[in-house]
Ligand SMILES: [Zn+2]
């Protein structure tokens, strides 16, 4: 009996069609662009096609790359001899690895799908560099989606929210970010559409029990959970819950989903009506059918995503399914026409509660 002995120590990774395709296309790509110079020349050609290379002094487009341009990223104006920073202010401004940036665009244009880790491993850059490079490309795609008047509630994607972002409520599942974002948007709408300023009058808390007062002091327009209150005030949950109920009855606190509490706000009622309308849109069966293939795609390539960047994942899918609009070369050109995307812009990106698909 040696069945157990012939079992390999590590199960081999199952054959992955997407990964095999990625490797095959990458090999073809390396054949077409064997050197970094080839990649750089191609990027410069796209920037020229986009009219993005121009002398800062005389505005001439007659600019020649310097001989060490892959390193210096400089050129020389053939009219006035001024130095030209070839990629400054363009999408390629933050480009460290020329190979990685060029390969990512080429592969995407050829319909190859991959996640940041696969790409980083193959192109030999750090996972974080790969991540922000791919986010930048997705942000360009997203900008092109704006014209399309198709959006669905982000809550339809709840099942793929498995990654944390800096917006994920502390100690909670990444899914809770959806609720937090909706509440955040409601608050913003409330502030923006407020006709008259809120009464400055402090509500009367004299009649509250001591624990109710203590809890009330902890409430603000930021969400706090009853668990957090329990920990903060070091009181048993049932006492906290009872006191919260009293506060809610007194109109001094408001809870979402039973356990997430904010200070009561007079505009809340009107805003929660808006939220209900959103929920109605969620249950539109057409939208559910629309997001189904996108969810499948996200699961297949990324397994799960953070809510924060959902919009950039639906942009990937949109790009894949709008190939007529994106023939070979068009993604390079779109990026060459785009402006520099600062790291902070990626950090600050938050998918709205209605996402374009
Ligand atoms: Zn010049």
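Every number in this text was worked out from the coordinates using simple rules, so none of it is lab data. Everything numeric in this text was worked out from a predicted model, so none of it was measured. Positions of Cβ are backbone-derived with ideal geometry, glycine not excepted, and every protein chain shown enters the neighbour counts.
Centroid-to-centroid, using Cα positions, the stretch 34-75 and the stretch 125-183 are 34 Å apart. Working from Cα positions, state the angle (0 to 90°, nearest 10) between the long axis of helix 237-249 and the longest principal axis of the chain. Rounded to the nearest ten degrees, it is 80. For the chain, the longest principal axis of the Cα atoms and the long axis of helix 17-32 meet at an angle of about 30 degrees. With a ≥ b ≥ c taken as the square roots of the eigenvalues of the C-alpha gyration tensor of the stretch 102-187, please select rounded if a/c is under 1.5 and otherwise prolate if a/b is larger than b/c or oblate if it is not? Oblate is the answer for the stretch 102-187, as a/c is 1.5 or above yet b/c matches or exceeds a/b. Gyration tensor over the Cα atoms of the stretch 203-265: the corresponding equivalent ellipsoid has semi-axes (square roots of 5 times the eigenvalues, largest first) of 15, 14, 10 Å. Counting pairs of alpha carbon atoms under 8 Å apart in space and at least six apart in sequence, what relative contact order in percent does the stretch 40-182 give? With pairs under 8 Å counted, the relative contact order is 11 percent. Computed on the stretch 203-265, with alpha-carbon pairs under 8 angstrom and 6+ residues apart, the relative contact order is 38 percent.
When peptides 51-64, 100-113 are sorted by average Cβ neighbour count within 10 Å, with the highest value leading, the order is 100-113, 51-64.
Relative to the dominant Cα principal axis of the chain, helix 127-145 is inclined by about 80°.
Dividing the radius of gyration of the alpha carbons in the stretch 279-345 by their Kirkwood radius gives 1.04 for Rg/Rh. Relative contact order for the chain: 25 percent, from Cα pairs under 8 Å spaced at least 6 residues apart, divided by residue count.
Rounded to two decimals, the Cα-based Rg/Rh of the chain, with Kirkwood Rh, is 1.09.
Using the reciprocal of the averaged 1/r over all distinct C-alpha pairs, how large is the Kirkwood radius of the stretch 20-121 in Å?
In the stretch 20-121 this quantity evaluates to 14.7 Å.
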